[in-house]
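Nothing in this text is a laboratory measurement; each read-out follows from the coordinates by a stated rule. Just so we're clear, the structure is a prediction, and the values are computed from it rather than from any experiment. Heads up, the Cβs are rebuilt from the backbone with ideal geometry, glycines too, and the neighbour counts pull from every protein chain shown.
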Amino acid sequence: MLILYQFERTWGNPNLSHFCCKTETYLRMAGIEYAIKTTLPLFAPKGKLPYIKDGNIKLADSRFIIRHLKNRYKDLDEGLNPAEIALSLAMQRLIEEHLFWATMYTRWQYTDVNWQVNKKAIFDVLPPAIRDVAAVIYRYRIRRQIYGHGMGRHKPEEIFELGMQDIDALSACLGDKKYFLGDQPTTLDASAFGFLINTIACPIESPLKEYGLSKENLGDYIDRIKMQYYPDLQ
Ligand SMILES: N[C@@H](CCC(=O)N[C@@H](CS)C(=O)NCC(=O)O)C(=O)O
């Protein structure tokens, strides 16, 4: 059976990792059987989670994993026309390459309280003797990534302004539809759910979360998908 390697479940959500949650949500939306093994990025083929093993295939990165799932099992996007496929890709890039970094800032840098919550969720699985050292090393590494992306060079209020633009775009694009591209879930929904739940419905406090919570359609969307695809987490 296909094995999904990801962080341990926490906060009552599928995963604290946006990308792991995206991947697991695709598996569930597509009705693909899988098992989970919990791990840390340190042990992953590309140093990041998620990754999968499917028979003798080992694949890292949610985009390559989903390409494999589409080819071998089920393509949630098969009914989309070329314009919808283009919109889906553009929105995924907005979510994963831009909004993501604003949320990373809120977890790893914005306040000490958020950092403590984030640290506990990720590093408490490690033995006490190495937990704090690993957390300090990873925090330094992730802060360098946020800076390297460019998001980390801005003032907090500028980061939130940029993230709020993404939230506005997502809320407008969803409108009053059930899913982003109609009545059926697609890859964009797996991505949007994974990232929105990790922005709006997790215990990391920030103006970005508050702003997301003010968008009723996004809150309803998260609740709806969580209830339908994660009944085990209710
Ligand atoms: N492009 C990758 C991104 C994966 C990613 O950034 N994973 C994060 C967790 S959300 C990670 O493992 N980070 C560890 C690190 O950068 O050291 C994907 O789509 O899977």
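Brief remarks follow.
- Relative contact order, whole percent, for segment 2-72 stands at 36, derived from Cα pairs under 8 Å and 6 or more residues apart.
- Taking segment 128-234 and dividing mean pair separation by its residue count, relative contact order in percent (alpha carbons under 8 Å, at least six apart): 20
- Annotation for R153 and L126: the two label points, set 7 Å from Cα along the Cα-Cβ direction, are 3.0 nm apart.
- Dipole of the chain, positive end: most advanced residue of I66, P203, M1 [Cβ charges, Cα centre]: M1
- Radius, Kirkwood style, for segment 94-161 when every pair of distinct Cα atoms is counted (Å): 12.6
- Full extension of the segment from D220 to R93, taken as 0.36 nm per residue of separation minus the current Cα-Cα distance, would add 43.4 nm.
- Of K74/K177; K48/K177; K119/K226; K37/K119, pairs whose Cα-Cα distance is over 28 Å: K48/K177
- Using bins of 10 Å that start at zero, the share of Cα-Cα pairs per bin across segment 2-72 amounts to 21, 61, 17, 0, in whole %.
- Cα-based radius of gyration for segment 194-234, normalised by 2.2 N^0.38 Å, reads 1.14.
- For the chain, averaging the sequence separation of C-alpha pairs within contact (under 8 Å, six or more residues apart) and dividing by the residue count gives a relative contact order of 25 percent.
- Summary of packing: across the peptides 187-197, 9-19, the per-residue average of other C-beta atoms within 10 Å ranks them, highest first, as 187-197, 9-19.
- Dipole size of the chain about its Cα centre, with +1 on Lys/Arg Cβ and -1 on Asp/Glu Cβ: approximately 1020 debye, rounded to the nearest 20.
- Inter-site label distance for D168 and K46 at 7 Å from Cα along Cβ, in nm: 3.2
- Over all directions, the projected convex hull of the C-alpha atoms in segment 82-233 averages 9.9 nm² in area.
- Rg(Cα) / (2.2 N^0.38 Å) computed for segment 122-169, rounded to two decimals: 1.56
- Estimated from helical segments only, the mean residue ellipticity of the chain at 222 nm is -17500 deg cm²/dmol, where each DSSP H run of four or more residues counts as -39500 (n - 2.57).
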